[in-house]
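The values are calculated or read from the model by the stated rules, or taken from the named source; none is laboratory data. These numbers were taken from a predicted model, which means no experiment stands behind them. Cβ atoms come from the backbone with ideal geometry, glycine included; neighbour counts cover every protein chain shown. Side chains are part of the model used for accessible areas, which takes the heavy atoms of the whole protein and leaves out ligands, DNA and RNA. Shrake-Rupley method; radii C 1.70, N 1.55, O 1.52, S 1.80 Å.
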Amino acid sequence: MQKFIITGGRKLRGQLAVQGSKNSALPIMAASLLCGEECVLWNCPRLTDVYAASRILNHTGCKCSFSENTAVIDPKDVTETSIPESLMHEMRSSIIFMGAMLGRTGECTVSIPGGCELGPRPIDMHLAALRKMGADIREEHGRIICCGKGHGAKISLAFPSVGATENIILYAVTADGETVINNAAREPEICDLCGFLRKCGADIKGDGGSSIVIKGKKQLYGCEYSIMPDRIAGATYLAMTAASGGEIILTNACIPETEPFLSVLEQTGCSIYTNRDKIYLRSGARLNAVKERIRTMPHPGFPTDAQAVLMAALSVADGTSVFEENIFDCRYRHVDALVKMGADIQVMGKIAVVKGVKGLCGADVNATDLRGGAAMVIAALTADGTSTIGNICHIDRGYEKMEDAVRLLGGDMRRS
Ligand code: EPZ
């Protein structure tokens, strides 16, 4: 099993281009199933989750190939509508292939996504919505057997679920009639998915707001599309640089979409300037704690995916910060590793109280999940001494070659 070896204590300095968004690339790759012609995706991140999605596409008969950061998907020949458990479990978010496969062929068999990394991963809202749109769905021994070409419906989501919103959109764009999603997720990745689908000929309005209206079309075409920058990867490298006391110019960043994170980060005392697609950050001598409670909320609230990485940076801040995790049931699994490095963090249910310490010490830890693993890298880069981080397969799911990015910024990090 590979691990990262990190020696901390250096101020990170330099310029870094933000990778393409994992959480945009995955639904857009699923959406390519709906097109009758080839799709070319620019700025596609090279991630294990993206390669898992390509294996699912190739399993169905589509042809998916990569060159550098470009994915070419030829979805003309879909011959297989059942996705095996082994492929479904490679990536927790593989459930978004359900709506696309149903929309393309009128049938699909998938698996219930595993839980545990961040807590249970229920899909009750996905299934209820697709059933309301006419899908016949049976669950048998962990497999979900669906059939039926969809029809328009009015769907009100109990919670603005990103995945459920995506699955409804993917089923609705070729369904008969009009679908209205109320209380839809407003995440920027939803807008990117809809931007791709509109380029393929779909009729979608209102994305980015709470009510999305989709008019089904008989046929969608291929297109070339550039995937948006990854706002969470950008937030990760900003938090990493801030914690190290350094300075960074992030290029190819998406400023408005990163704003909910930036508005909290600037409360730590960092100087942050933005200009077109660039974010410039200079960190002070020592970060200040964030006075107001940091509540994770659906977009445009503070993103749950940035909770762990900001916590790592605030673990060495001057003062006490309080987090409230409102999206996932167990998204504090990284805390034990940070405490092992000397952080002072108390977790009580949804609340985590982070008392900043003067410094951390290197330790041997194991990544628990994608963003928790990134938090451990940030802590190790600020710690005295050397740390090892195991289970880095979690980190490779969402960050392109993180060790290269860190070394570009002057950090001491290698993969072994
Ligand atoms: C997406 O996950 C992202 N993943 C997550 O990013 C992100 O944290 C999450 O949205 C919230 O922004 C991808 O886009 C691939 P949800 P998703 O459906 O769609 C509950 C990362 O680190 N829920 O909005 O699974 C659910 O249990 C990943 O990049 C139901 O109860 O998130 C959770 O508590 C992690 N029933 C909450 O809603 C359902 O039917 C939010 O889930 C669906 C969801």
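Where Rh is the Kirkwood radius over the Cα pairs of the stretch 203-269, the temperature 25 °C and the viscosity 0.890 mPa s, what D in µm²/s does Stokes-Einstein return? D = 163 µm²/s.
Under a Gaussian network description of the chain, with springs only between Cα atoms under 10 Å, the residue in R282, R138, R46 that fluctuates furthest is R138. In square angstrom, what is the accessible area per residue of the stretch 314-388 with a 1.4 angstrom probe? With all protein chains present, the stretch 314-388 gives 37 Å² per residue.
For the stretch 132-186, the direction-averaged projected area of the alpha-carbon convex hull comes to 4.0 nm². Ligands, DNA and RNA are left out, and with a 1.4 angstrom probe the accessible area of the stretch 65-180 is 39 Å² per residue. Here the accessible area of the stretch 245-362 is 50 percent carbon and sulfur, with a 1.4 angstrom probe and all protein chains present.
Accessible area per residue (1.4 Å probe, heavy atoms of protein chains only) ranks Y399, Y273, Y51, Y332 as Y273, Y51, Y332, Y399, with the largest value leading. Full extension of the segment from D136 to D277, taken as 0.36 nm per residue of separation minus the current Cα-Cα distance, would add 46.3 nm.
Beyond 12 Å, how much of the Cα-Cα pair distribution for the stretch 334-384 remains, as a whole percent?
Values: 767 of 1275 pairs.
Here the tail beyond 12 Å accounts for 60 percent of pairs.
Protein heavy-atom surface of the stretch 1-139, 1.4 angstrom probe: 49% of the accessible area is carbon and sulfur, with nucleic acids and ligands not counted. Report the calculated FRET efficiency for Q267 and D176 (r = Cβ-Cβ distance, R0 = 51 Å), to the nearest 0.05. Plugging the Cβ-Cβ distance into 1/(1 + (r/R0)^6) gives 0.55. Dimensions of the stretch 66-221 along the principal axes, based on C-alpha atoms and rounded to the nearest Å, stand at 39, 36, 30, largest first.
On the beta carbon distance between D329 and A158, with R0 = 25 Å, the FRET formula returns roughly 0.95. Taking a ≥ b ≥ c as the square roots of the eigenvalues of the alpha carbon gyration tensor, the stretch 17-137 is oblate, as a/c is not under 1.5 and a/b does not beat b/c.
Distance from the alpha carbon centroid of the stretch 169-215 to that of the stretch 304-369 works out to 36 angstrom.
Length available on full extension from E224 to D384: 0.36 nm per residue minus the Cα-Cα distance, which gives 52.9 nm. The chain gives an Rg/Rh value of 0.98, both radii derived from C-alpha positions and Rh following Kirkwood. For the residue pairs K63/K215; K3/K291; K215/K350; K278/K350, the alpha carbons lie more than 30 Å apart in K3/K291; K215/K350; K278/K350.
Under a 5 Å amide H cut-off, with hydrogens placed 1.01 Å from N, R295 pairs with E324 among residues at least 5 apart or on other chains.
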